[in-house]
């Protein structure tokens with residue numbers, strides 16, 4: 001079924017699957033609007049699998065509350081836990097779609113496949129915006145209206161016919177909490193002036209000096225609370 005009725009039916013199936021997998025938020029994007037390559041997947045184009053399911057899990061308020069001026073071993077463990085959970089959700093969601101007779105490709109929540117350009121297979125943030133889950137904030141992260149930046153995301157591409165969501169068209173407004181909190185001083189009022197190099201340099205310092213082994217921080221995530 002590919003008409004409106006069929007798409008609504010499959011949306012309902014999708015919602016049930018994701019509810020059973022304990023996902024906190026999800027949306028559906030039209031991949032014809034993606035406009036970027038899907039890195040490292042041969043000649044796969046966005047048109048072959050025209051729908052993207054973007055889904056997220058909220059970080060622990062308690063763990064975030066332990067952060068002061070940078071990442072900790074506890075935050076690293078939590079970060080890994082959520083990435084693993086998101087990877088497994090992607091796998092189970094993809095298998096559910098395949099059982100219905102459709103194609104699906106689940107991605108990794110956090111995997112760099114192009115180190116020179118610092119890119120994964122797919123831009124989870126961009127897909128999340130297209131799926132109506134939020135907007136790109138001053139901190140260069142996806143900001144959810146309820147959960148702020150305190151969400152980690154993954155994506156599954158599929159040809160299962162689905163009703164897509166609209167972009168929210170919102171922004172951070174007058175909130176500047178992340179600007180004052182950023183240990184690298186990389187965040188500006190104008191999102192276009194975000195200092196990618198300064199941010200990455202600070203992540204590299206944390207990775208080495210705090211024995212973290214990952215390019216993570218968490219400070220701007222902690223203060224971008226949404227309505228939590």
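Please treat every number below as a calculation from the coordinates, not as lab data. As the structure is a prediction and not an experimental result, all values here were calculated from the model. Neighbour counts are summed over all protein chains in view; Cβ atoms, including those assigned to glycine, are modelled from backbone coordinates with ideal geometry.
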Report task. Determine if segment 73-94 includes at least one residue that is surrounded by fewer than 20 Cβ atoms within 10 Å (Cβ to Cβ), assigned to a strand (DSSP E or B), within 18 Å of the chain's Cα centre (by Cα) and free of Cβ contacts under 8 Å to residues at least 60 places away in the same chain. Result -> no
Query raised in the report: When you look at residue 99, is it surrounded by fewer than 19 Cβ atoms within 10 Å (Cβ to Cβ) and free of Cβ contacts under 8 Å to residues at least 24 places away in the same chain, yes or no?
Result: yes
Query raised in the report: Which condition number in (1) within 19 Å of the chain's Cα centre (by Cα); (2) more than 22 Å from residue 133 (Cβ to Cβ) is the one that residue 204 fails?
Result: (1)
Query raised in the report: Checking residue 132 against (1) loosely packed, with under 15 Cβ neighbours inside 10 Å; (2) closer than 23 Å to residue 109 by Cα, which test does it fail?
Result: (1)
Query raised in the report: So which of 56, 70 ends up being in contact with a helix residue (DSSP H, G or I) (Cβ under 8 Å, 6 or more places away or on another chain) and on the phi > 0 side of the Ramachandran plot?
Result: 70
Report task. Exactly one condition in (1) closer than 17 Å to residue 153 by Cβ; (2) in contact with a helix residue (DSSP H, G or I) (Cβ under 6 Å, 6 or more places away or on another chain) is not met by residue 84; state its number. Result -> (2)
